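Okay, so here's the structure we're looking at.
The values are calculated or read from the model by the stated rules, or taken from the named source; none is laboratory data. Keep in mind it's a predicted model, so treat the numbers as computed, not measured. Glycine gets a Cβ as well: all are built from the backbone with ideal geometry, and neighbour counts include every protein chain shown. Just the protein is used for accessible areas: all its heavy atoms, side chains included, with ligands, DNA and RNA removed. Shrake-Rupley method; radii C 1.70, N 1.55, O 1.52, S 1.80 Å.
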Amino acid sequence: MLERIVEEVAPLRGAGVAADYIPALARVDPGRFGIALADLDGQVHGAGEWETAFSVQSISKVFTLALVLAGTDESLWRRVGREPSGNAFNSLTQLERERGIPRNPFINAGALIVTDELISQVGDASGDLLAFLRAESGNPDLRVDEEVAASEAAHADRNLAVTHFMASYGNVRNPVPEVLDQYVRQCSIEMSCRDLALAGRFLAAHGVRRDGTELVTNRQAKRINAIMLTCGTYDAAGEFAYRVGVPGKSGVGGGILAIVPGRCAVAVWSPGLDVRGNSVAGVAALDHFTTLTGWSIF
Ligand code: GLU
């Protein structure tokens, strides 16, 4: 079935444009495509370029949120909301109206607060994240793409502004440059569809990791999936629910991690993005996937 999806989305490969506000991402060929599925037993299947590493970007925000929630009570929710924003992922205007409390953990402002919280918990937030991702994917070679990290750090004026702005409201606990550095590093981690599907599998397994231990509770996994569904695909979460119908988190590297609770995690990658920042072929592939399987949650 994954091979069939590769064929069905072939006409869409190359549609859209690779993100260009991070110069190192703009060089990636928008026509590439891969898809992988990890089931609850940790079996993984793939088609297309499913073992090619790409920049996970905002998909990392799902994992930092899970790590923060795993390490604390729910006090994070005093610092960040959980409603869709309806605004661009890097918007400043809403943040001013809402006095430095970001709408949700998946817009940049909210993810920066989550990273700040993870630094408070573990120090080296991106290192902690990498260790988790390596363990779940079984791939010890996962790493930060230093070229992407440097490119992103050199073009981080907006994210710096957002973080300083929240700091002015007392909502940032660590030095802004450190929060930014850790955030850029987490976004610049390279993973393949295979790695991502395996790493996201715990969200399909109600919070239980591949080794059988619990990362987050059943209730927390349910809630992370809910936030992915309502906030995970920029300001197109309604359209994503309409077309795909499962929790998903996209990144400007062209990846999308989708969760079918109780069944599997699916990762797709194709760098051509639509105007909202979601992969054109990736969303189409997931649309085919949930239609062919009948596994939309709706
Ligand atoms: N590192 C990117 C940024 O902060 C992430 C954007 C994304 O994938 O949504 O702009």
Original post:
Near Gly253, within a Cβ-to-Cβ distance under 10 Å, what is the net charge of the other residues, with Lys and Arg +1 and Asp and Glu -1?
Top reply: -2
Subject >> Cα-based shape type of region 73-176, given that a ≥ b ≥ c are square roots of the gyration tensor eigenvalues and the cut on a/c is 1.5 >> reply: prolate
Original post:
Stokes-Einstein D for region 1-113 at 25 °C, 0.890 mPa s, Kirkwood Rh over Cα pairs, in µm²/s?
Top reply: 144
Original post:
What is the sum of charges around Ser296, taking Lys and Arg as +1, Asp and Glu as -1, for the other residues whose C-beta is under 15 Å from the C-beta of Ser296?
Top reply: 0
Original post:
Taking amide H positions as placed 1.01 Å from N in the peptide plane, with prolines and chain starts having none, which residues 5 or more places from Glu214, or on another chain, fall under 5 Å of its amide H?
Top reply: Arg209
Subject >> Karplus 3J(HN,Hα) series, Hz, for region 125-133 with 6.51 cos²θ - 1.76 cosθ + 1.60 (x for Gly, Pro) >> reply: 4, 5, x, 5, 4, 4, 4, 5, 5
Subject >> Most mobile of Asn108, Asn90, Asn159 in a GNM of the chain (Cα contacts under 10 Å) >> reply: Asn90
Original post:
For region 1-74, which trypsin sites (Lys or Arg not before Pro) are both in a DSSP coil and crowded by at most 13 other Cβ atoms within 10 Å?
Top reply: Arg27
Subject >> J(HN,Hα) series, region 279-294, from Karplus relation 6.51 cos²θ - 1.76 cosθ + 1.60, nearest Hz, glycine and proline x >> reply: 4, 5, 5, x, 5, 4, 5, 5, 4, 4, 4, 6, 6, 5, 8, x
**OP:** Please tell me the relative contact order of the chain in percent, rounded to the nearest whole number, where contacts are Cα pairs under 8 Å and at least six residues apart.
**Re:** 28
**OP:** Take the solvent-accessible surface of the protein heavy atoms, probe 1.4 Å, and return the percent of it on the chain that carbon and sulfur atoms account for.
**Re:** 49
**OP:** Take every Cα pair under 8 Å in region 62-176 that's 6+ residues apart, average their separations, divide by the length, and report that relative contact order as a whole percent.
**Re:** 29
Subject >> Residues whose placed amide H lies under 5 Å from that of Phe54, excluding near-sequence neighbours >> reply: Met191, Ser192
Subject >> Karplus 3J(HN,Hα) series, Hz, for region 218-230 with 6.51 cos²θ - 1.76 cosθ + 1.60 (x for Gly, Pro) >> reply: 3, 5, 5, 4, 4, 6, 4, 4, 5, 5, 4, 5, 8
Original post:
What does the helix-only formula give at 222 nm for the chain: each DSSP H stretch with n ≥ 4 adding -39500 (n - 2.57), the total divided by the residues, and the result rounded to the nearest 500 deg cm²/dmol?
Top reply: -13500 deg cm²/dmol
Original post:
For the chain, which longest stretch is free of loop sites, where a loop site is one of the GluC sites (Glu not before Pro) that DSSP puts outside H, G, I, E and B and that has at most 16 other Cβ atoms within 10 Å?
Top reply: 99-298
**OP:** Post the alpha-carbon centroid distance, region 78-133 to region 174-189, in whole angstrom.
**Re:** 11
**OP:** Over region 195-251, calculate the relative contact order: mean separation of alpha carbon pairs under 8 Å at least 6 apart, over the residue count, as a percent.
**Re:** 24
Original post:
What's the local net charge at Ala18, with K and R +1, D and E -1, over the other residues with C-beta under 9 Å away?
Top reply: -1
